[in-house]
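Input: a single structure, listed below in structure tokens.
The values are calculated or read from the model by the stated rules, or taken from the named source; none is laboratory data. This is a predicted model, so every value here is computed, not measured. Cβ sites come from the backbone with ideal geometry, for glycine too, and all protein chains shown count toward neighbours. The protein model used for the area step is the full one, side chains on, heavy atoms only, and it has no ligands, DNA or RNA in it. Shrake-Rupley method; radii C 1.70, N 1.55, O 1.52, S 1.80 Å.
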Amino acid sequence: MPLMGAASHARGCTTVAVADAPRQPKVPPASARRTHFQLSLPHKYCPAVSARIAVRNRLRCQDGQPPTADAWLSCLTSAKTARPARTRQAATRERTSAVPAPPHQPRYPPFGHKTAPRPTAIRHGRRPVGARIVSLTSLTAPQLPLPPAADAETVPTDSDMPARRTASPDRPASRAWPPPGRRSPAGLARVGAVALAMAGFTMPAFTGPSTSQDGATVTREALELRLSPLTHDQALARIAAATEATGGALRLGFGREIPADQLPAPDALPWRRTDDGRHALTLILRAPDARGLRVALRPQHLPDTAELRFSGPGSAARHTLDGALVNASLAADAAAGPDAPLFWSPLIAGDALLLEITLPAGADPHPARLGLPAVSHLARLPGEPPADAAATAEATDPACHPDWDRQSRAATLLLYTHPHGATGACTGTLVADDDSATDIPYVLTAQHCFPDQGRASSIEGFWFLRAETCGGPVGAGDSVPGGADVLYLAQSTDTALLRLRQPPPADAAFVHAQPILPAIGLKTSTLHHPFAGPQELGRATVSEYKTCIEVDWCGEDADPAAIGYVRVERRSGATEPGSSGAGLFNAERRLLGTNLGGSAAGEFEYYGRFDAPYRDGVRRWLGDGVEGSGRVER
């Protein structure tokens, strides 16, 4: 009677050789290796396997001839056949073995079928003896009956099994088993290693399930998008072109589109279940050589209690926003104009942005949609001076003038982004109302910087972008994303009153505005961010009054004869693009107006007067007591 299987034992593993010939030596001869299949089983199957399997199979398949592949498979999947008298030891083994399946169906389901877990190992005492798996070189993977792991949750469908091997005359193409991520490590080792190896090919190195979609990578853990690389010089050239096209408006970044075909279908976002039972989605956006990134979001059906966390991969610093803030911003934009609303993410320094969206417990992720229409690629970060900028002099360094510290902590750099992705910046100032019990973050800035609600919704405010000590290095500063709501706009005086949607940093200060027309010859000061770089302190003297026609910035209903601006002659610290919206202060540190612009040579500047818009409507928010002593620093 030919022996159907033989085993050779090595340290830490068992090698099983299956053949249609009589008992083979422990290592098959070279001439027979083509017809033998060798399998290195996991360590838990190192106990002797083949001898018991061979004896059992010999007892079941006594036909006197070496069985063919089909006969072998049919024999092993059929009901128990008559066998000779058994010894007590053999009977004990059979009582602890898996019960064979009925004759009318295979013992284990084919690929793509779901089933409840079944025993996969024949146990003798406490040691697993082995699985009832047999493979001949004539069998292909789809024909191979595979035992599901005891701890498997489900058997995947065909769509879950990406191709892992290439076709050849000897090895037809088949699908991988099991799909990554669907079994525990023990189940993967037992079923994946055994089944793949016995099907005739090796398991590839596992790096996580992924699918390439025209430049995007979709995994069960994250959706990763990669934009084409741009060198720093190429990015600067695009910014220079955009600046020239807008007549000299400051630009720190430019827009880039994410092609729609790089994103998965809206109903195929890679949501995953967290340990606390919630659903989460992770998105990674990469733009090689970028100094910073902002991404435009257009979510739908986002719960108000959802959490959106923005960070750089590997960085502990992050911004966390809730769904209510995002939805309110989108609703405000939709009510203000016909353009499709967008929500711009916080600025993330570096060439990669990580977004994690977590839904509340019990929320169904399938209705949620996430549009990503644009990306802003920044070539310079807020607070970084241009490459050709001179060092800040002591006369213009706020750290060298501690008597201006409160006003310095009230000044903020307002980063904004256009719908197409171009990013610019202006300066604003936190102003106090007449109620000392409130800390409402009102910001006074220029109307030409924020002419509509859409641009105000993209605001991210930066504070303390200044030297920590006189002549020292510039600090990292603090930022507050989330945008702002427009309360008042007046083009004839270039005035905008905004209310931030999130509170400013704890160390920020509020200053008082004084609604009076500055007198000719008044010594004034301003705190601003030229070129969106470090904060500077400027000095000037009021020289004359101007109408909106004279400065060429009038509104539709402006009075052409009314004084809307004051001209100041610069003494130190000339304003530049990025200084727009900066406050004009008198010697008592009271705010009198906002910066419109100045001459190219920095000789003079124009400031919109604050008293006219205050009487026109700003007093509705700041109160009637602004003209008095008001509240003190908070």
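Within 13 Å, Cβ to Cβ, of A467, how many net charges do the neighbouring residues add up to if Lys/Arg are +1 and Asp/Glu are -1?
-4
Nearest 0.05, what FRET efficiency do Y545 and A437 give at R0 = 41 Å with Cβ-Cβ as r?
Details: r = 37 Å, r/R0 = 0.91.
For Y545 and A437, the calculated efficiency is 0.65.
Sort the following peptides by mean Cβ neighbour count (other Cβ atoms within 10 Å, averaged over residues), highest first: 487-495, 275-283. Could you put the intermediate results ahead of the total?
On the way: 487-495: 23.2, 275-283: 15.3.
Ranking, from highest mean packing down: 487-495, 275-283.
Could you give the length gained on full extension between A587 and T231, defined as 0.36 nm per residue of separation minus the Cα-Cα distance, in nm?
Details: separation 356, 0.36 × 356 = 128.16 nm, distance 4.70 nm.
Extra length available between A587 and T231 comes to 123.5 nm.
Take E556, project a point 7 Å from its Cα along the Cβ direction, then tell me which residues of the range 323-357 have their backbone nitrogen under 17 Å from it.
336-339
Could you sort 611-622, 550-561, 521-532 so that the peptide with the highest average Cβ count within 10 Å comes first and the rest follow in order?
Values: 611-622: 18.0, 550-561: 13.2, 521-532: 21.9.
Top to bottom by mean Cβ count within 10 Å: 521-532, 611-622, 550-561.
Could you work out the local net charge near S311, counting Lys and Arg as +1, Asp and Glu as -1, over the other residues with Cβ closer than 9 Å to its Cβ? Walk me through the intermediate numbers first.
Values: positive: R309, R318; negative: E356.
Result for the neighbourhood of S311: +1.
Quick one: accessible area per residue over the range 234-343, 1.4 Å probe, rounded to a whole number of Å²? If you can, show how the numbers build up before the last one.
On the way: 5260 Å² over 110 residues.
Using a 1.4 Å probe on heavy atoms only, each residue of the range 234-343 averages 48 Å².
Around A352, under 10 Å between beta carbons, what's the net of Lys plus Arg minus Asp minus Glu among the other residues?
Working: positive: R226, R286; negative: E224, D351.
Its environment carries a net charge of 0.
Can you tell me the length gained on complete extension of the stretch A334 to D388, counting 0.36 nm per residue apart and subtracting the Cα distance? All intermediate terms of the calculation are to be shown ahead of the outcome.
Working: separation 54, 0.36 × 54 = 19.44 nm, distance 4.10 nm.
So the chain would gain 15.3 nm between A334 and D388.
If you count, for each residue, the other Cβ atoms within 10 Å and average over each peptide, how do 506-514, 342-350 line up from highest to lowest?
Ranked from most to least packed, the peptides come out as 342-350, 506-514.
For the range 317-402, which whole percent of the accessible surface, found with a 1.4 angstrom probe, sits on carbon and sulfur atoms? Could the numbers behind the result be given before it?
Working: 2040 of 3560 Å².
About 57 percent, which is the carbon plus sulfur part of the accessible surface.
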